[in-house]
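A short worksheet on the structure shown next.
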There are 2 protein chains.
Amino acid sequence: MYCITPKLTATGIPTTYYNLLPDIGVPGSPPLDPATQQPVGPDKLAALFPMALLEQEMSSAVHIPIPEELLEAYADYRPTPLRRARRFEKALGTRSAIYYKYEGVSPVGSHKLNTALAQAYYNREAGVKRIATETGAGQWGTALSYACRTFGIACNVYMVKVSYHQKPFRRTMMELYGASVHASPSQETSYGRSLSAAHPDHPGSLGVAISEAIEDTVTHPGTKYALGSVLNHVLLHQTIIGQEALAQLDTLGVFPDVVVGCHGGGSNFAGIAFPFAKHKANGKEIEIIAAEPASCPTLTKGEFRYDHGDTANLTPLMKMYTLGSGVVPDPIHAGGLRYHGAAPQVSELLARGMIAARAYPQGVTFEVARTFAGAEGIIPAPESAHAIAAAAEVAREADAAGKARTILFNLSGHGLLDLGAYQDFLAGKIK
Amino acid sequence: MYCITPKLTATGIPTTYYNLLPDIGVPGSPPLDPATQQPVGPDKLAALFPMALLEQEMSSAVHIPIPEELLEAYADYRPTPLRRARRFEKALGTRSAIYYKYEGVSPVGSHKLNTALAQAYYNREAGVKRIATETGAGQWGTALSYACRTFGIACNVYMVKVSYHQKPFRRTMMELYGASVHASPSQETSYGRSLSAAHPDHPGSLGVAISEAIEDTVTHPGTKYALGSVLNHVLLHQTIIGQEALAQLDTLGVFPDVVVGCHGGGSNFAGIAFPFAKHKANGKEIEIIAAEPASCPTLTKGEFRYDHGDTANLTPLMKMYTLGSGVVPDPIHAGGLRYHGAAPQVSELLARGMIAARAYPQGVTFEVARTFAGAEGIIPAPESAHAIAAAAEVAREADAAGKARTILFNLSGHGLLDLGAYQDFLAGKIK
């Protein structure tokens, strides 16, 4: 047994966010202004984010208290379940024990709500009446729409046009939550209008949608911007996942040998991993693995250097693993993992060898997701399927070495709005 | 406070099914053989169902123990949450308290899994290797497919052809769970083949699919048949919902004034209502309401008489509220409520005035579902939206009378695979 005492409420929800880097004495690299190459201060970003979130972004406090009202909003779906996947273990034929933390029980179906609620709350506290954001396939936009509704804020979502038309269901969810959803490029911004005029059939891109959301923010008084991953404060909010998992495993007398999360921008990975990484820093033997798509191998094949966070090069430079901000990853079904960069904090840990990364081809992830679905009933999001692929691989390796390991992975969301992708997989169209 | 001590495991799952009618001394009316008009004995049905389920069908025991292995399967998703819908109350502007029991957290997304797991378990115990069933839009087929996978039984699903092609996502789920899914009328049975030959474009119907599943069962050794609602043993399995809710409310010191469930065949309604109906029979003041579609008003406008359970008139005669077995209800989105009849046990209670029924037009149910989704985050299944409509109406009536009531409804499933219907609603196509 280990001395693990995360602060939990009576119902088992952590009452503080956990800030790993200051706790283990690892300095982060500050974002730089591309014009001056100097660190960007909070004042420069104050047009986009409320001060409380900027303070979290740069905080050196180890534990950041979660306000009561926000805890109550979390209590609608948290603590999320931690389960042992016994039938999945049996289907794999492994001697290892595989546990998963299931974030798909959130009303919007993924971990994204953890930070969406926090961001909406701190914006409401700052008197913000309206938030603009971008979304690709719609996971983040859905979460923010519901969070804004919860805290009485108008939500304006720029959704990549091709997804807006091809994947209308998440748009329907956003609209049910009362958000305004615009196909991007839109007629709402001058950038969108000029782009539409020049290219009437422009399919849109995340880069274009970010540009529109930022223009919307700076041209509308009382409006702020929100981002669903990458930034320090977003990772911070997600650490409630790992803190809960740690406490839940502790009640079973279990501490994992391996912790796995899928990796796109880094928020769900950090959420499950950071509370465990503390123990690794303190000398505990534990392997922490980020699982990414082979077609977007940011951590396994990218460079660790300063780069822009967006494709339009509007954001400050961040020190991170990157494939290059101009790279457009293949249109795989795990849209949430199609990001050229990585969270700076995750990148820092990888560069220091505190975590490892593995990459998986799409077909491998769907195959293991099918096995998991048949065994446990839950249809995994294609993103989460990457974490399952890594967990299964680690179990196989342990079996081959005659060992039994205890593996924990984060099932970041369900795939009930991705059944079209599974249909393609069953029809043999995904290899 | 009331003396309510349902038997619960340490983790809060009931350890017995609750058999209301024998407990309150209400005799049921037996099913009749249409040829002889005499009660059908278990031997006649033994070709279709394993003996353990037939014993439950006719049991006079009040508490029927749930076997350990089945409890473990339930523990994957039970106890399901019981929550107070505070933001929904606020959105309605009501003084009443509204609680809901949420069955959508089951991996297949609805309460159907409660009986599917039980039926698969008892079939496995009886040595059954293969189960045939029918499904309309796919809720039941999905639940049974997963349950069969869990207990190592092959599952053969006849899915109404028009749904098979128009609603492919539940088919994809069934196939991920390893089931064989056939568009009905199919080439698998002589009835299906003859129908297809005569009408190559036959769209199928639930009646046809039942006929195919029954033919499949009696022509394949080691195969049994399974039904997702109406029958006594199905209702019995669902009583774990109400038992849990009773215990969960009790921990809050709450006993409801009103209990609501939506009503199609009757299983989710009985599941939430029967454990509370016992208290009504014992003199407690409690109103129990079944909410049904105005377009399929079985309980509010049907007759209480013996009728066939299927449209092809293959089943025994059951004494129930019915619109007539030849009636084809409008193709509303709440496909699970499109049934001409009602569970005999529910019908018996309605005829004795122990429960009430109310009917709602489709547009009203989608409107209230939108309000609920915006307030609580969960997108309700169109079926469950009928229960929400009744809960909201009761709250409004109480407000008008200057009273505050405590209302409990069963949110039997989520609507994440029904977002196309919500899209139509938002586009003004559903009134």
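The values are calculated or read from the model by the stated rules, or taken from the named source; none is laboratory data. Just so it is clear, the model here is predicted, and its values are computed rather than measured. Cβ: placed from backbone, ideal geometry, glycine included. Neighbour counts: every protein chain shown. In case anyone asks, the SASA skips ligands and DNA or RNA and just uses the protein heavy atoms, side chains included. Shrake-Rupley method; radii C 1.70, N 1.55, O 1.52, S 1.80 Å.
When segment A:371-384 is filtered for residues that are part of a loop (DSSP other than H, G, I, E, B) and more than 18 Å from the chain's Cα centre (by Cα), the ones remaining, listed by number, are A:G377, A:I378, A:I379. B:V346 - would you say it is open to solvent by less than 10 Å² (accessible area, probe 1.4 Å), more than 14 Å from chain A (Cβ to nearest Cβ) and closer than 19 Å to B:G271 by Cα? It is true that B:V346 is open to solvent by less than 10 Å² (accessible area, probe 1.4 Å), more than 14 Å from chain A (Cβ to nearest Cβ) and closer than 19 Å to B:G271 by Cα. When you scan segment B:278-297, do you find a residue that is in contact with a Lys or Arg (Cβ under 6 Å, 6 or more places away or on another chain), open to solvent by 60 Å² or more (accessible area, probe 1.4 Å), in the same structural domain as B:P329 (by TED's automatic domain parsing) and on the phi < 0 side of the Ramachandran plot, even just one? No, segment B:278-297 contains no residue that is in contact with a Lys or Arg (Cβ under 6 Å, 6 or more places away or on another chain), open to solvent by 60 Å² or more (accessible area, probe 1.4 Å), in the same structural domain as B:P329 (by TED's automatic domain parsing) and on the phi < 0 side of the Ramachandran plot.
When segment B:406-415 is filtered for residues that are more than 11 Å from chain A (Cβ to nearest Cβ) and either part of a helix (DSSP H, G or I) or surrounded by 20 or more Cβ atoms within 10 Å (Cβ to Cβ) (or both), the ones remaining, listed by number, are B:I407, B:L408, B:F409, B:N410, B:L411, B:S412, B:G413.
Taken across segment A:385-392, residues that are more than 14 Å from chain B (Cβ to nearest Cβ), open to solvent by 50 Å² or more (accessible area, probe 1.4 Å) and either of a type in the set (G, A, S) or not in a strand (DSSP E or B) (or both) do not occur at all. Pull out all pairs, ordered by first then second residue, where Cβ-Cβ is under 6 Å, the residues are six or more apart or on different chains, the first lies in segment A:170-188 and is away from chain B (no Cβ under 14 Å), and the second is charged (D, E, K, R) and open to solvent by less than 10 Å² (accessible area, probe 1.4 Å). Every condition considered, the pairs that remain are A:S184/A:E212. Taken over segment B:281-323, residues that are at pLDDT below 95 and of a type in the set (V, I, T) amount to 2.
Out of B:G353, B:G363, B:G326, B:G335, one residue alone is closer than 23 Å to B:F274 by Cβ and away from chain A (no Cβ under 14 Å). It is B:G353.
Can B:T371 be described as on the phi < 0 side of the Ramachandran plot, more than 14 Å from chain A (Cβ to nearest Cβ), open to solvent by 10 Å² or more (accessible area, probe 1.4 Å) and not small (G, A, S)? Against the criterion (on the phi < 0 side of the Ramachandran plot, more than 14 Å from chain A (Cβ to nearest Cβ), open to solvent by 10 Å² or more (accessible area, probe 1.4 Å) and not small (G, A, S)), B:T371 does not qualify. Would you call B:A400 out of contact with any Lys or Arg (no Cβ under 9 Å at 6 or more places or on another chain) and more than 14 Å from chain A (Cβ to nearest Cβ)? Against the criterion (out of contact with any Lys or Arg (no Cβ under 9 Å at 6 or more places or on another chain) and more than 14 Å from chain A (Cβ to nearest Cβ)), B:A400 qualifies. Every test in (1) modelled with pLDDT of 95 or more; (2) open to solvent by 40 Å² or more (accessible area, probe 1.4 Å); (3) touching a Ser or Thr at 6+ places or on another chain (Cβ under 7 Å) is passed by B:G326 save one, and that test is (1). Could we say that A:P65 is surrounded by fewer than 17 Cβ atoms within 10 Å (Cβ to Cβ) and under 29 Å from B:A85 (Cβ atoms) here? So A:P65 passes the test.
Is it the case that some residue within segment B:330-340 is more than 16 Å from the chain's Cα centre (by Cα), free of Cβ contacts under 8 Å to residues at least 40 places away in the same chain and open to solvent by less than 20 Å² (accessible area, probe 1.4 Å)? So far as segment B:330-340 goes, no, none of its residues is more than 16 Å from the chain's Cα centre (by Cα), free of Cβ contacts under 8 Å to residues at least 40 places away in the same chain and open to solvent by less than 20 Å² (accessible area, probe 1.4 Å).
Annotation note: Cβ proximity below 8 Å between a residue of segment B:94-115 that is within 16 Å of B:V234 (Cα to Cα) and outside the structural domain of B:T239 (by TED's automatic domain parsing) and a residue that is open to solvent by 10 Å² or more (accessible area, probe 1.4 Å) and among the basic types (K, R) (sequence gap 6+ or interchain) occurs for no pair.
Checked across segment A:229-244, the condition of being surrounded by fewer than 18 Cβ atoms within 10 Å (Cβ to Cβ) and within 25 Å of A:Q362 (Cα to Cα) holds for no residue.
Can we say B:A381 is closer than 26 Å to B:L231 by Cβ and either buried (at least 18 other Cβ atoms within 10 Å of the Cβ) or away from chain A (no Cβ under 14 Å) (or both)? Yes. Exactly one residue out of A:G341, A:G428, A:G374, A:G363 is among the small types (G, A, S) and closer than 30 Å to A:L317 by Cβ, and it is A:G341. When residues in segment A:285-314 are screened for being free of Cβ contacts under 8 Å to residues at least 40 places away in the same chain and either assigned to a helix (DSSP H, G or I) or in contact with a strand residue (DSSP E or B) (Cβ under 8 Å, 6 or more places away or on another chain) (or both), 4 of them pass.
Taking the conditions (1) more than 14 Å from chain A (Cβ to nearest Cβ); (2) open to solvent by 20 Å² or more (accessible area, probe 1.4 Å); (3) of a type in the set (A, V, I, L, M); (4) touching a strand residue (DSSP E or B) at 6+ places or on another chain (Cβ under 9 Å) in turn, B:A137 satisfies each one other than (1).
Within segment A:76-94, the presence of at least one residue that is polar (S, T, N, Q), buried (at least 17 other Cβ atoms within 10 Å of the Cβ) and away from every other protein chain (no Cβ under 14 Å) is confirmed.
Name the residues in segment B:163-182 that are under 20 Å from B:A381 (Cα atoms) and either over 21 Å from the mean Cα position of the chain (by Cα) or not basic (K, R) (or both), would you?
Answer for segment B:163-182, where residues must be under 20 Å from B:A381 (Cα atoms) and either over 21 Å from the mean Cα position of the chain (by Cα) or not basic (K, R) (or both): B:S163, B:Y164, B:Q166, B:P168, B:F169, B:T172, B:M173, B:M174.
The set of residues in segment A:140-153 that are in contact with a Gly (Cβ under 8 Å, 6 or more places away or on another chain), open to solvent by 10 Å² or more (accessible area, probe 1.4 Å) and either away from every other protein chain (no Cβ under 11 Å) or β-branched (V, I, T) (or both) comprises A:W140, A:T150. Quick check: anything in segment B:109-128 at positive phi, within 13 Å of another protein chain (Cβ to nearest Cβ) and buried (at least 24 other Cβ atoms within 10 Å of the Cβ)? Among the residues of segment B:109-128, at least one is at positive phi, within 13 Å of another protein chain (Cβ to nearest Cβ) and buried (at least 24 other Cβ atoms within 10 Å of the Cβ), which makes the answer yes.
Considering (1) more than 21 Å from the chain's Cα centre (by Cα); (2) within 17 Å of A:A147 (Cβ to Cβ); (3) assigned by TED's automatic domain parsing to the domain that holds A:A381, the lone condition that A:E69 does not fulfil carries the number (3).
For segment B:349-368, taking the residues that are in a helix (DSSP H, G or I) and farther than 23 Å from B:Q166 by Cα, the one that is least open to solvent (accessible area, probe 1.4 Å) is identified as B:L349. Among what's in segment A:416-430 and is closer than 21 Å to B:G109 by Cα, more than 7 Å from chain B (Cβ to nearest Cβ) and not in a loop (DSSP other than H, G, I, E, B), pick the residue that is nearest to the chain's Cα centre (by Cα). Checking each candidate, the answer is A:A421. From the list A:H165, A:H202, exactly one residue is within 14 Å of another protein chain (Cβ to nearest Cβ), closer than 22 Å to A:P329 by Cα and of a type outside the set (S, T, N, Q). Which is it? On inspection, the qualifying residue turns out to be A:H165.
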